[in-house]
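Any read-out appearing in this document is the output of simple, stated calculations on the displayed coordinates, not a laboratory observation. The shown structure was predicted, so the numbers you read here are calculated from the model rather than taken from an experiment. Here the Cβ positions follow ideal geometry from the backbone for every residue, glycine too, while neighbour counts run over all protein chains shown.
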Amino acid sequence: MNNLRIVFMGTPHFSVGILQAIKNAGMNLAGIVTVADKPAGRGQLMHESPVKQFAIENHIPVLQPLKLKDPEFLSQLESLQADVFVVVAFRMLPAEVWKMPKYGTFNLHASLLPDYRGAAPINWAIINGDQKTGVSTFFIDEAIDTGNVIGRTEMNISENESAGELHDRMIDVGGRLVVETLQRIANNDVNPIPQAELGSGSMRPAPKLFKENTQINWNAKPEDIHNLVRGLNPYPAAWTSWRNSKGEMKNVKVFKTLISDQSGSGTLQLSSSKTQLFVDTQEKRLEIVEFQVEGKKKMTAKEWLVGNNSSDWTINFN
């Protein structure tokens, strides 16, 4: 099994956790493919992806193509003589790439496929109030996230868990599933299942997150608002607008809420105690625990109330 030559493709910190699991299992990482270095920050200094940093630290050959169909890149990739490609949080691959290794190319996806195909499966599972989710490995084919499933692992979602917390837990679970999938490929013990045979449940989309689909609708049920907030925490964050006593409209990112046991007043309004900030929705009071007003740092309601009065602010409930 340790002779199986693996080329890994990925970019963010999530990918590094999976890479570490492969390395810890003693498997042969023959090469790594990641994005090209990009300028970032105020000084526009060149920034290396977390996956590239891992490759350098572990002395693994790394390729950084600008175009995946570039003949020079394809030649370099072929020279690595990989038996299998593993893809975790990378770009869509052309057929010239995913068809290259003899055992195929598989992807780790952060949902129980075929549910939540798309760019943001972790976020949408929480936004929709799901109590369980999971990770899947599947062979890449011509379409996006539609290939035959190799393995799946279920995970529970706790009541107040954020997308960031679930993301971090998925690193460990996903790493174990990827290693298990590689072991099965090495042992010729793979029986991929078409997603159509697993589609007895729902097949909900997981589209990209934009300003339009991350705005809080205060007329929604408090549970739905709470799920939106935790499903977008820490990034990109659910948002709303507040108007201060000067008539200035400020965008506000809301990072953490709690559903109060107290009934709402029936009138949408912002209120507070000495240490807590609330929105009275139609059904229950929703406590706003952590947020960031435009132009200010992220803070708790307790910190914000030291220098602010909720009566000086009005939420834009549109």
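Treating only the Cα positions of region 152-215 as identical point scatterers, give the base-10 log of I(q)/I(0) from the Debye formula at each q in 0.18, 0.25, 0.26, 0.29 Å⁻¹.
-1.01, -1.17, -1.17, -1.17
Considering all alpha-carbon pairs of region 26-140, what whole percent are spaced by more than 19 angstrom?
Beyond 19 Å sits 57 percent of the P(r) for region 26-140.
As a test of the definition: which semi-axes, in Å, follow for region 5-206 when you take the square root of five times each eigenvalue of its alpha carbon gyration tensor? Largest first, please.
Equivalent ellipsoid semi-axes, largest first: 27, 21, 16 Å.
Can you give the extra length, in nm with one decimal, that the chain gains between A40 and N308 once fully stretched, where that is 0.36 nm per residue apart less the Cα-Cα distance?
93.0 nm
How large is the Kirkwood hydrodynamic radius of region 222-315, counting all unique pairs of alpha carbons, in Å? Present the calculation step by step, with values, prior to reporting the outcome.
Numbers: mean 1/r = 0.0754 Å⁻¹.
By the Kirkwood definition, the hydrodynamic radius is 13.3 Å.
If each residue of separation counts as 0.36 nm, what is the full-extension length gain between V173 and A95 once their alpha-carbon separation is subtracted? Intermediate values should be presented prior to the final figure.
On the way: separation 78, 0.36 × 78 = 28.08 nm, distance 2.86 nm.
In short, 25.2 nm is gained.
For a 26 Å ceiling on Cα separation, which of these pairs sit above it: K23/K102; K221/K296; K211/K250; K221/K253; K246/K274; K102/K208?
Numbers: K23/K102 21 Å; K221/K296 28 Å; K211/K250 15 Å; K221/K253 19 Å; K246/K274 23 Å; K102/K208 32 Å.
Distance filter (> 26 Å) returns K221/K296; K102/K208.
P(r) for region 266-318, please, calculated from all Cα pair distances in 10 Å bins and given in %.
Each 10 Å bin holds this share of Cα pairs: 24, 58, 18, 0.
Of the trypsin sites (Lys or Arg not before Pro) in region 156-235, which ones lie in a loop per DSSP and count no more than 15 other C-beta atoms within 10 Å?
Numbers: sites: R169, R176, R184, K208, K211, R230; in loops: K208, K211.
Of the trypsin sites (Lys or Arg not before Pro), the ones in loops of region 156-235 whose Cβ has at most 15 other Cβ atoms within 10 Å are K208, K211.
Taking amide H positions as placed in the peptide plane 1.01 Å from N, state which residues far from G147 in sequence (5 or more) or on other chains have amide H under 5 Å from it.
HN-HN under 5 Å from G147: D141.
Report the FRET efficiency, 1/(1 + (r/R0)^6), for K246 and E283, where r is their Cβ-Cβ distance and R0 is 30 Å, rounded to 0.05.
Details: r = 32 Å, r/R0 = 1.06.
Rounded to the nearest 0.05, the efficiency is 0.40.
What nm value, rounded to one decimal, do you get for the distance between D189 and K221 when each label is placed 7 Å out toward the C-beta?
It is 4.4 nm.
Apply the Karplus parameterisation 6.51 cos²θ - 1.76 cosθ + 1.60, with θ equal to phi minus 60°, to every residue of region 275-283 and state each ³J(HN,Hα) to the nearest whole Hz, in sequence, with x for glycine and proline.
10, 10, 10, 10, 10, 7, 8, 5, 10
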